[in-house]
Amino acid sequence: MKSRYVFILLSLTLLLPCISSAADTSYAGVFKLDEIVIEDTRPELESSSRVRVITDEELDQRGVRTLDEALELLPGINVRVGNGGAPRLDIRGYRARHVALLLDGIPLNSTYDGQMDPRLIPVEIIKKIKVSYGTSSAIYGSGALGGVINIITKSGAEETDKLFLQTETGTRIQQYGLLRASGKEGDFDYFLGLSNELRNGYELSNNFTPTSTEDGGRRENSDARRSSLLLKVNLTPSERWKYGVTVGQQQAEFGLPHSTINDNTDLFASRAKYERVDYARTDMIQLSAAYDAPGPWEFKLWHYYNHMEEETNGYDDATYSGMTDYTVKGTFHQNSKTRISGQSLQAIRSIGEDSSLVFSLKTDRSDWDSYGQIRDRIVGDGNYGIRAFINDRYLKNQAIAMEYNLAASDKIDINLGGSLNSQKRQDRDDQQGNEFNIGVSREFGEKTSAHIAAARKIRFPAIQQLYDAVSGSPDLDLEKAMNYEAGLTHDFNKETSGSLTVFHSTVENYIEKNDDIVPVYENFQKYLFKGVELSAKHQCKRPLLLRTALTLMKSEEVDSTVGRDELQYRPKTKFSLSGTYNAKNGLETYCEFLYIGGQNFYTKKAPYQKASLNEINLTNIRFSKPVRYDSLHVYLGVDNLFDRNYETSYGVPAPGRFWYLGLQAKL
């Protein structure tokens, strides 16, 4: 209750000086086809809430290959790899399933579990990444308790290189190839991206201690093969109309590295599972149109369809050769299909020169089908038989949202938004929930700005949580969160700028597995996340640019009755420092340091015991130099330079030191 009074008081403080007349602030212009329109006049804010942007230039400097690598230095984001090897992007304590992942405004979260493997999104198609946090606009839709990651892909109208080629080899990726082609002719522009990569598996640190299931060296079952295609075509026949078509396909097969601890006496460890995704294919198509009508209205309409097929197998042991051992419970063979189709209409109306209204209507249907067999039927003492299974589930979602944006003066912006959301299931009445967001930002002179924001967020349960054959619970209620944020941004001089953000979040009906003999999903009472984020940028001299960020966070289960006073795998401290130096001879040197500390975890069953992961200290370095003007570049990099042995989840070691060498050609 006290925090609400503080929030209202701070809002009034920011609003008091706005009694002056409104400034001549006009609406920015026509829709961008690849972005959801969220209004704000300051680049570091969106709906008067913190937003952080990573450009393709930064991605290239760092030499990252996947989305999780691209985001790991940002404040408030924790990249966590659990049993199975898939990275998860947690934001401010919320899990990956509480983060809306968008590609050009279109949702990518899995129908089945609400998550997404960020390794499946190649960075070579990315123009920029926009990260909004828990007080983001209701226009984005439900499910974004932690925030929104919107990936904006490249387009032919923006690319200066008609043809771009890249190849790379090393100990992290044995074979990597990329082709990008783009162009613009009159009203027509296109972008084509093709990539292929082969990883035989990553090397563990030389400091790793072998176990019964992992002898060190190359990580067991960490191989991967991926290929992707993205074609993006835009047509702009007039100043008022713009049309777009995006088609994509990706194919992959990869291992899911098991826990290195397979000891029943270890109360903290998960049992080793020997699983592989032996086939995965994703197809997507997006159709969009934007119209700048005469007068105050603008419209955007898009339709999308995503289809994914996956074959997953759980084997008897580390040979990955069979499922015939009747003493091993849980081995399986599964084929699954996911289909997501939806449409969205967005309209914006300018109201004079100082305000606007944004309207949004969204509908989508998610289908998940699976069939196969699993060995979990008890047939004797310690023996298990095989049973067949088949699943056919769907969810329908609808949302109506509106946001009002007001430039109350040349220094103050106000944003108010809300939405009504509903979900239709096969086995119960529709669930409904509402969201809202409110934010105020104010400039203090030319160098300082402040903002304060609050948002109510909801998330409907995913199909896995509702209908999983072992752990599903059809009676789950939707999760409800209340997020608060306040921040300052200050330009100390032309070379140095910094920002401070304070956040506080409470979530009720949080969905996690309980600790029963057969764990099932249930709604927990209340979780709390609060913390502070600092970031700064300094241009020392023209050739040297430094960036740093610090996140301090506390998490807890409020009034816990089971002895877990804080939540596991939520780092208390995260610090990053990076620098880019451009020498006169064209050599570019990039170096980054990442520290993560204060990660606790618990035993699998009550009474709970608590332990801590070791601190993480990582250093990466990369060199790049043009060898033929600016058309040919060669680069060399080393990640985990000092070969640290570390984990982000207990029993799941991360890669040790690895190097890579590559060549880029621009035509």
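Would you point out the residue of region 635-645, among those that are surrounded by 15 or more Cβ atoms within 10 Å (Cβ to Cβ) and free of Cβ contacts under 8 Å to residues at least 60 places away in the same chain, that is nearest to residue 261 (Cα to Cα)? Applying the filter and picking the extreme gives 641.
Residues that are open to solvent by 20 Å² or more (accessible area, probe 1.4 Å) and of a type in the set (Ser, Thr, Tyr) within region 412-455 comprise 422, 448, listed in sequence order. Set side by side, the residues 539, 525 differ, and just one is of a type outside the set (D, E, K, R), assigned to a strand (DSSP E or B), exposed (fewer than 14 other Cβ atoms within 10 Å of the Cβ) and free of Cβ contacts under 8 Å to residues at least 60 places away in the same chain, which is 525. Looking at residue 290, is it open to solvent by less than 40 Å² (accessible area, probe 1.4 Å) and among the small types (Gly, Ala, Ser)? Yes, satisfied. When we screen 454, 469 for residues that are touching a residue at least 60 places away in the same chain (Cβ under 8 Å), out of contact with any Asp or Glu (no Cβ under 7 Å at 6 or more places or on another chain) and not in a loop (DSSP other than H, G, I, E, B), the only hit is 454. Of note, residue 152 satisfies the criterion of being within 19 Å of residue 67 (Cβ to Cβ) and in contact (Cβ under 8 Å) with a residue 24 or more places away in the chain. Within region 337-384, take every residue that is in contact with a Gly (Cβ under 9 Å, 6 or more places away or on another chain) and either acidic (Asp, Glu) or outside any strand (DSSP E or B) (or both) and give me the one that is modelled with the highest pLDDT. It comes out as 364.
Taking the criterion of being open to solvent by less than 70 Å² (accessible area, probe 1.4 Å), β-branched (Val, Ile, Thr) and in contact with a Leu (Cβ under 9 Å, 6 or more places away or on another chain), the residues of region 348-404 that qualify are 348, 351.
Among the residues of region 472-510, the ones that are among the hydroxyl-bearing types (Ser, Thr, Tyr), part of a strand (DSSP E or B) and within 19 Å of residue 113 (Cα to Cα) come to 1 in all.
Looking at region 253-264, can you tell me whether even one residue there is part of a strand (DSSP E or B), closer than 22 Å to residue 117 by Cβ and charged (D, E, K, R)? Yes, that holds for at least one residue.
Taking region 564-620 as the range and being within 20 Å of residue 205 (Cα to Cα), open to solvent by less than 40 Å² (accessible area, probe 1.4 Å) and assigned to a strand (DSSP E or B) as the test, the residues that pass are 592, 594, 596, 597, 616, 618, 619, 620. Determine whether residue 242 is open to solvent by less than 20 Å² (accessible area, probe 1.4 Å), charged (D, E, K, R), in a strand (DSSP E or B) and over 21 Å from residue 335 (Cα atoms). Answer is no for this residue. Restricting attention to region 158-203, the residues that are open to solvent by 10 Å² or more (accessible area, probe 1.4 Å), polar (S, T, N, Q), out of contact with any Ser or Thr (no Cβ under 7 Å at 6 or more places or on another chain) and assigned to a strand (DSSP E or B) total 3.
Residue 86 meets each of the listed conditions (1) surrounded by fewer than 21 Cβ atoms within 10 Å (Cβ to Cβ); (2) under 23 Å from residue 578 (Cα atoms) apart from (2). Hey, could you check region 141-157 for residues that are open to solvent by less than 50 Å² (accessible area, probe 1.4 Å), small (Gly, Ala, Ser) and modelled with pLDDT under 90 and say which is farthest from the chain's Cα centre (by Cα)? Taking the candidates together, the pick is 156.
Summed over region 621-634, residues that are open to solvent by 80 Å² or more (accessible area, probe 1.4 Å) and within 19 Å of residue 170 (Cβ to Cβ) total 1.
The values are calculated or read from the model by the stated rules, or taken from the named source; none is laboratory data. None of the values given here were measured: they were computed from a predicted structure. Glycine gets a Cβ as well: all are built from the backbone with ideal geometry, and neighbour counts include every protein chain shown. Note: accessible area is taken over every heavy atom of the protein model, side chains too, but ligands, DNA and RNA are not part of it. Shrake-Rupley method; radii C 1.70, N 1.55, O 1.52, S 1.80 Å.
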